[in-house]
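Below is one structure, written out as structure tokens; comments come after it.
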Amino acid sequence: QVQLVESGGGSVQAGGSLRLSCTASGRTFSSYYVGWFRQAPGKDREFVGFIRWSGGSPNYADSVKGRFTISRDNAKNTVYLLMNSLKPEDTAVYYCAAKIDGIYYYRWADYNYWGQGTQVTVSS
């Protein structure tokens with residue numbers, strides 16, 4: 001069993017930056033794939049990016065590629081989502097999630113464990 005806790009959301013002006021954290025407890029991330037998703041009011045949950053804990057480069061949605069960066073800290077059992085050049089359309093509740101395989105990493109329904117979500121609001 002994995003428990004995920006997110007932090008780091010908030011309000012920022014367009015062009016600003018935020019860094020979200022996703023810390024696991026219960027079990028380590030060592031064998032998991034960790035994804036970030038977001039959901040804006042009235043919209044479906046959207047894939048943002050994912051990283052394989054054991055290695056390899058992250059994958060990103062086209063809408064955030066070049067602006068968002070996913071990284072991990074093994075010692076802290078934490079995955080980060082650094083968001084730069086934020087736009088109003090990035091406003092959403094952001095979730096981290098974990099799954100045990102990398103198949104369909106872009107499909108939120110395939111993830112087994114979820115954080116509570118953290119609000120990100122970008123004003124113009």
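The values are calculated or read from the model by the stated rules, or taken from the named source; none is laboratory data. All figures in this text were calculated on a predicted structure; none of them were measured in a lab. Here Cβ is always computed from backbone atoms with ideal geometry, including for glycine, and neighbour counts include all displayed protein chains. Keep in mind that these areas ignore ligands, DNA and RNA; they rest on the heavy atoms of the full protein, side chains included. Shrake-Rupley method; radii C 1.70, N 1.55, O 1.52, S 1.80 Å.
If only residues of segment 85-124 that are among the aromatic types (Phe, Trp, Tyr) and either open to solvent by 10 Å² or more (accessible area, probe 1.4 Å) or under 10 Å from residue 35 (Cα atoms) (or both) are counted, the one that is nearest to the chain's Cα centre (by Cα) is 95. Please tell me if residue 28 is of a type outside the set (Asp, Glu), under 16 Å from residue 113 (Cα atoms), open to solvent by 70 Å² or more (accessible area, probe 1.4 Å) and touching a residue at least 40 places away in the same chain (Cβ under 8 Å). Judged against the criteria, residue 28 is a match.
Taking the listed residues 48, 34, 64, the one that is of a type in the set (A, V, I, L, M), open to solvent by less than 50 Å² (accessible area, probe 1.4 Å) and part of a loop (DSSP other than H, G, I, E, B) is 64, with no other qualifying.
Hey, among the residues in segment 67-76 that are open to solvent by 20 Å² or more (accessible area, probe 1.4 Å) and not polar (S, T, N, Q), which one's nearest to residue 99 (Cα to Cα)? My answer is 72.
Only one of the numbered conditions (1) touching a Ser or Thr at 6+ places or on another chain (Cβ under 8 Å); (2) modelled with pLDDT of 95 or more is not met by residue 90, and that is (1). Every condition in (1) within 11 Å of the chain's Cα centre (by Cα); (2) crowded, with 21+ Cβ neighbours inside 10 Å is met by residue 80 except one, and the failing one is (2). Here residue 80 qualifies as farther than 19 Å from residue 43 by Cα, touching a residue at least 60 places away in the same chain (Cβ under 8 Å), among the aromatic types (Phe, Trp, Tyr) and assigned to a strand (DSSP E or B).
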